Amino acid sequence: MEATIFTAWIYDHLQPHEAAVKVAHPLMLRAIAVPKKKNDRIDAKKIADCLRCDFLPECYMASTEIRERRRTLRYRNLLVRQAVQMKNKIAVLLMEAGVSYNKQKLHKVGYFRELLATNQGIDEGLKPLLRLCRDTVVRLGKTESALVRSLQRDSLLVERVERLMSIPAVGPITALTWELEVGEVQRFSSIKKAISYCGLCGAERSSADISKRMPLSKQRNKHLQTVLIEAAKMAPRNSPELAMVYEQEKQKGNANRATLAVARKMVAHLVAVDRRQKGFLVVENENRTAG
């Protein structure tokens, strides 16, 4: 864990002083050269052997500017999770006191204020806790919105974000997450590799003419996976094409697989727009003309 935290700092510190700095992929390196006897000297020798034979599995390192902005976006994700926890805590406190409430309106300002003022089941000891939770939710929401606005207005990101948002069902959070988590889309030689990086497919095991799909791989970008799946749940409402993909997969009897199919289609659109550096409608018209 400590090595992962300090990797970027060490990389930035060494880069100005060396001709080339390479970061090895820890899991792949372990699979290639895992020793029975382990110490720093043996590890260094194994890494040197892999480097000398041009067999070192490299790990992609985004630019310093992208990593700084990605840190801001991930902090925004933390604030969202904390806000959800506070909202759930409000509901738990009300249920513990036996107070009935409207789930759809609970977190609206007017309804919440009226609930505290008129409901006799909320005693004086509970009201301060509820107000504290509510104030925390509001404060987290304002901070989260400010972070998103700052990223949307960033001159380094704005052009690419606007281009990605031309894709149906891709909003600012999905576009920002794709840009900052992926970095350079050219590092994916195919759409399948991009889908694998996003954690939207499982491994395939074949034996004696029998192929079996395994669960989704844990080796993925979890931030990108979460955002894409959440976006895919809403995408059929905003795109007839994605709605058709969802319905075709859902007819096979599994709604979760249908959502994953939509997410994979969204990745294909994101990769296409990113590679051609043109808006979605332009790319789509070019494909039709070529066809």
(Q) It is to be established whether one or more residues within segment 135-154 are in contact (Cβ under 8 Å) with a residue 12 or more places away in the chain, assigned to a helix (DSSP H, G or I), out of contact with any helix residue (DSSP H, G or I) (no Cβ under 7 Å at 6 or more places or on another chain) and closer than 30 Å to Gly183 by Cβ. (A) yes
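Results for (1) in contact with a strand residue (DSSP E or B) (Cβ under 9 Å, 6 or more places away or on another chain); (2) in a helix (DSSP H, G or I); (3) at pLDDT below 95; (4) among the small types (Gly, Ala, Ser), shown as yes or no for each residue.
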site: Val245; (1), (2), (3), (4): no, yes, yes, no
site: Arg257; (1), (2), (3), (4): no, yes, yes, no
site: Ala261; (1), (2), (3), (4): no, yes, yes, yes
site: Met266; (1), (2), (3), (4): no, yes, no, no
site: Leu270; (1), (2), (3), (4): no, yes, no, no
site: Arg275; (1), (2), (3), (4): no, yes, yes, no
site: Lys278; (1), (2), (3), (4): no, no, yes, no
Q: Test Leu132 against the stated conditions and say whether it is closer than 30 Å to Glu184 by Cα and open to solvent by 80 Å² or more (accessible area, probe 1.4 Å).
A: no
(Q) Quick check on segment 178-204: of everything there that is of a type in the set (S, T, N, Q) and farther than 19 Å from Ala261 by Cα, which residue is most open to solvent (accessible area, probe 1.4 Å)? (A) Gln186
Q. Say we look at segment 1-45 and pick out the residues that are part of a loop (DSSP other than H, G, I, E, B), modelled with pLDDT of 75 or more and not charged (D, E, K, R); which of these is farthest from Arg220 (Cα to Cα)?
A. Ala19
Q: List every residue pair whose Cβ atoms lie under 9 Å apart, where the two residues are 6 or more positions apart in sequence or sit on different chains, the first residue falls within segment 216-231 and is open to solvent by less than 50 Å² (accessible area, probe 1.4 Å), and the second residue, located anywhere, is among the aromatic types (Phe, Trp, Tyr).
A: Asn221/Tyr197; Leu224/Trp178; Leu224/Tyr197; Val227/Trp178; Leu228/Trp178
Q | Residue within segment 103-122 that is surrounded by 12 or more Cβ atoms within 10 Å (Cβ to Cβ), among the small types (Gly, Ala, Ser) and within 30 Å of Val182 (Cβ to Cβ) present | A | no
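The values are calculated or read from the model by the stated rules, or taken from the named source; none is laboratory data. Here the structure is a predicted model, which means the values were calculated and not measured. Positions of Cβ are backbone-derived with ideal geometry, glycine not excepted, and every protein chain shown enters the neighbour counts. For accessibility, only protein heavy atoms count, side chains too; no ligands or nucleic acids. Shrake-Rupley method; radii C 1.70, N 1.55, O 1.52, S 1.80 Å.
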